[in-house]
Amino acid sequence: MLQIEHISKQYTTGDLTQTALKEVSLNLRDNEFVAILGPSGSGKTTLLNIIGGLDRYDSGDLIINGISTKEYEDRDWDSYRNHTIGFVFQSYNLIPHQTVLANVELALTISGISKSERRKRAAQALDEVGLGDQLHKKPNQMSGGQMQRVAIARALVNNPDILLADEPTGALDTETSVQIMELLKGVAKDRLVVMVTHNPELAETYATRIVKLRDGKIISDSAPFELDTTSLNAPKYQNMGKSSMSFRTSLSLSFNNLRTKKTRTLLTAFAGSIGIIGIALILALSNGVNIYITDIQKSTMTAYPISIQEESIDMTSMLGSVTPHNTDKLNHALDGVYSNGESVEKASQAATSIVENNLTAFKKYLDDPDSEISQYVGENGIVYSYDTKFSVYTYDSDDVLLNTDGSTLSEGKQAAKSAMGDMTHVSEAMGNSSKTTENFEELIPGSGEAMISTAITDSYDVLYGAWPSSYDELVLILDENNEISTETLYELGILPSSAYDKLMEKIADGKKVKLETESWSYEDICKQDFYLLPACDTYEKNENGTFDSISEDKAELKSRLQDAVKLKITGIIRPKEDAASASLSAPLGYTKALTDYLIDYTDDSAVVKAQKKNKKVNVLSGMTFDPGDDDNKVADAKTYLENLGVSEKAKLAKEILQSVYSNDPARASQMMAMGEEELASALDSYLQNPEDDVLLSIYDNYISSGSYDDNLSTFGVVSLDAPSAINIYTDSFEDKDAVSGCIESYNQSVKKADQITYTDYAELLMSSVTTIINIISYVLIAFVAVSLLVSSIMIGIITYISVLERTKEIGILRAIGASKRNITQVFNAETFIVGLCSGGIGIAISLLLLIPGNAAIHALTDTTDVNAALPAVSAIILIVLSVLLTLIGGFIPSKNAAKKDPVAALRTE
């Protein structure tokens, strides 16, 4: 039952106020066919719109089944229209880009009915109006009568209590009008049908009640319905149900609308994608450059680790003490000769800047998995170096035994010096070979079980053979020109030592030397064998139970080499052309497996076991490390002298004679000219019955008992807890700085004596390159972002045009119960689709442009290391950005669409 109580409605346009309804009261039954007649301007359409909730009354009340609408808000009217009212319009008001079935389903969609139920009920409603076989046609494929039947099916599909028809036959011919009226008459059997018409004949033929209006008042009612208001309950406020449009429905409406304008939609999406393309290409290039820089950083950090030695020079304090020469700060006048102690002060500063690092304690910190430094350590990890002591020998082509440290060649140089005088110029020309050369270098171990780090294998090409896979295998390292220095070739026995001696003679004679370039096949070079002799194997146990050094006994050395570790060259490598950091400096590289072998072998040697068994007695001299008093020193001196051989006695005799005859050089020279046996005999005579004071003096001045730790170090014993050096590798400058910060934090947490002084080889290398690239990228993105702004404005304009084009659709949606929020949602869905298309097109075009773009980059940079690549995350972010910008651009037009008056919208053509 519908009650209209004293409803009035006025329209104000400027200064003009027009009264549409004046205190209209009317009661309508639950099932009757009411026709409202009246001339134009009488208020009949306004009354119909107020009954349908499309228009609001100024005063009075509209009561539906005891529910008052006086306090209704927008959402209540939306629910009322969706659940209680069905509309049939003169111009059908079907959504043209939706199918017949979709048009009928729409009211059910807003009601929240499931998809399968919607489809079933919509198809049934169309079947009831005789259109069961027309489900998938579009409205423009149907006749006027058919479209009005669709409108009736749509109005009835939600099973409303009231059907409102506004001139339902106004656009139809007579025959079709009759059909529609018959249909409405049937509908009115079980519900209220209110029809506005100008055709009194149809009204009198089909309506069960005729209400006439004039000037906003009811002038006649053919079948009035009077109510006993005393028996009715007071009207109450109540919402009539829930109505809501899903985002999926909004997308469907907008997608179908956009499909009818494919060309415009694609052009709009492409225009919106231009900014996305620009940003995507910049990000791809920036990403490619940053990846390249990251790779360079990794390889650079391989060559420039943070290096910590047992003994380190505090370069910071040294550099801080150096002051530039400045005459403005002199502390004296320029009137005489003054001393300058700067050089002495610098030397003093250098001496005092040498610090001892407690690497044992620091290693414990590094090995702690919970220490903060672990998160910054790079792919190559932390490499501990140990001072394993060994010598490597080889035979040259003349079968001459050579020590690869260059000492054998040094002997030849010293002989030449004795024969030809001063050889300073020879040393300068050929290098000081008397010092040990570093011809062997440990390769950085790889992670896990890998013997060699990828930092090495990625930086070098294997020219021949393979990388070492065992502890007794070596790799020969060439420079980028496949060359090795000539002196190194002599030291390694590849060139004969006799040729070296002749070369020395020519240089000594002042002759100009020009060396011919020599070459060897890879196979021939790999035939060169090397023999490794650990330091512990250069000691032999004698009859007295002590151990003697055999390092000067060439015959014994040759004998020992038969059981030495034979090292073979298994591969020859060269730095790659594009290697950012080929860090190997020695000509021969070995693996950590050899270091581990030497550590274990040394621990198991006879001399080491003997020394560890008796920690108080020096196994080399038989003396105690700490005699304690003079009597023990005298006893140790006697034991030491008794165990000396001829050569050792002669050597000691020379030292004593130089001291005794220091004031008589002629006598000292005469005595020193004696042979070894004479000198040994002279020492024996001198010490036939020595006084304790003499023995004590000899002990204090010429005999050193050393220490237990010194002996173990001499034998080559290594403690894994006490590395000689630690190299911490990182993958980037930022991580390197973080490691430096962790070391500083560590220094603050330990005693001063345990603080670490280190060398940061990468300090001079700037990390600002990445920052510069990022800044340039941001600036370019800022410029390109302008196009995004323009795109957003353009999409806003396009959305506004779409709002104008779809104004009637807005009215239709409002008529079937869509809220203002739903209308906004529909247009937001449209901009969402456009934004999604823009982003997708932009990313797709960018990926296609990267193909020729990378080819151009490779051609310009002459390298394939820099590859522009758009990260997947960036692509997704750009698509999201595109959607957000289009939503922002369409926000105002969408809001304006929601504010449109549904009555005015329905009248739009």
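A short reminder: the numbers here are calculations on the coordinates, not readings from a lab. Just so it is clear, the structure is predicted and the values come from calculations on it, not from any experiment. No Cβ is skipped: glycine too gets one built from the backbone with ideal geometry, and neighbour counts run over all protein chains shown.
Packing here is the average count of other Cβ atoms within 10 Å per residue, and on that basis the peptides 271-282, 37-48, highest first, run 271-282, 37-48. With a Förster radius of 60 Å, plug the Cβ-Cβ distance of K115 and E518 into 1/(1 + (r/R0)^6) and report the FRET value to the nearest 0.05. E(calc), rounded to 0.05, equals 0.10. Full extension of the chain between S719 and V400 yields a length gain of 111.3 nm, computed as 0.36 nm times the residue separation minus the alpha carbon distance. Straight Cα distances below 17 angstrom link K558 to the aspartates and glutamates D396, D398, D399, D405, D529, D537, E540, D548, with same-chain residues fewer than 8 positions distant left out. Placing R0 at 22 angstrom, the Cβ-Cβ distance between D629 and S697 gives a FRET efficiency of 0.90 after rounding to 0.05. Across segment 562-577, computed HN-Hα scalar couplings (Karplus, 6.51 cos²θ - 1.76 cosθ + 1.60, θ = phi - 60°) run 5, 9, 6, 6, 8, 9, 10, 7, 9, x, 10, 10, 8, x, 5, 4 Hz from first to last residue, x flagging Gly and Pro. Extending 7 Å from Cα along the Cβ direction at N65 and again at D578 yields two label points whose distance is 7.7 nm.
Spatially, segment 13-77 and segment 543-605 are offset by 107 Å when compared through their Cα centroids. In units of the compact-protein estimate 2.2 N^0.38 Å, the chain shows a Cα radius of gyration of 1.76.
If I take R0 = 60 Å and measure r between the Cβ atoms of H136 and D458 in this structure, what FRET efficiency does the formula 1/(1 + (r/R0)^6) give, to the nearest 0.05? Please list the in-between numbers first.
Details: r = 63 Å, r/R0 = 1.05.
Computed FRET efficiency for H136 and D458 comes out at 0.45.
Within segment 2-242, antiparallel bridges make up roughly 50 percent of the DSSP beta bridges whose residues both belong there. For segment 387-615, the share of DSSP beta bridges that are antiparallel, to the nearest 5, is 70%. For a modelled paramagnetic label at E543, 7 Å from Cα along Cα-to-Cβ, the residues of segment 643-663 in reach, with backbone nitrogen under 18 Å, are 643-649.
Fully extending the segment from D603 to D710, taken as 0.36 nm per residue of separation minus the present Cα-Cα distance, adds 37.0 nm. Counting every other Cβ atom within 10 Å of each residue's Cβ, V660, V211 order from fewest to most as V660, V211.
Counting alpha carbon pairs within less than 8 Å and at least 6 residues apart, what relative contact order, in whole percent, applies to segment 2-242?
Details: 470 pairs, mean separation 76.7, N = 241.
Across segment 2-242, relative contact order equals 32 percent.
Protection proxy ranking of 457-468, 827-838, by the mean of other Cβ atoms within 10 Å over each peptide's residues and highest first, is 827-838, 457-468.
When a footprinting reagent is the concern and you count Cβ atoms within 10 Å, what order do V129, V750 take, fewest first? Don't jump to the answer; show the numbers that get you there.
Working: V129 22, V750 14.
Ranking V129, V750 by Cβ neighbours within 10 Å, fewest first, gives V750, V129.
Here the contact order of the chain, divided by its residue count and restricted to Cα pairs under 8 Å and six or more residues apart, works out to 18 percent. Label-to-label distance for R264 and Y237 is 4.3 nm, based on points extended 7 Å past Cα in the beta-carbon direction.
Starting from the Cα of Q375, move 7 Å in the Cα-to-Cβ direction to define the label point; list residues of segment 713-731 whose amide nitrogen is under 19 Å from there. Inside the label zone: 729-731.
For a protection proxy built on the mean count of beta-carbon atoms within 10 angstrom, sort 134-143, 713-722 highest first, please.
Values: 134-143: 14.5, 713-722: 17.5.
Ranked by mean Cβ neighbours within 10 Å, highest first: 713-722, 134-143.
Segment E556..H6, full-extension length gain: 184.9 nm, with 0.36 nm per residue of separation and the alpha-carbon distance subtracted.
Expressed to the nearest 5 percent, the antiparallel share of DSSP beta bridges inside segment 118-231 is 45 percent.
Here the Karplus curve 6.51 cos²θ - 1.76 cosθ + 1.60, taken at θ = phi - 60°, turns the phi angles of segment 725-736 into couplings of 7, 10, 10, 9, 9, 10, 9, 8, 5, 5, 5, 4 Hz, with x standing for Gly and Pro.
Determine the alpha carbon to alpha carbon distance for each of K389/K592; K808/K899; K502/K568 and list only those over 18 Å.
Details: K389/K592 14 Å; K808/K899 13 Å; K502/K568 29 Å.
Cα-Cα > 18 Å for K502/K568; rest within.
With a cut-off of at most 12 other beta carbons within 10 Å, and DSSP calling the residue loop, which GluC sites (Glu not before Pro) in segment 50-107 qualify? Please list them. Of the GluC sites (Glu not before Pro), the ones in loops of segment 50-107 whose Cβ has at most 12 other Cβ atoms within 10 Å are E71, E73. Modelled this way, with points 7 Å down the Cα-to-C-beta line, the labels at T861 and S585 are 3.0 nm from one another.
Across segment 387-615, counting alpha-carbon atoms alone, Rg and Dmax equal 19.4, 61 Å. In percent, rounded to a whole number, the relative contact order of segment 387-615 is 35, using alpha-carbon pairs under 8 Å and six or more apart.
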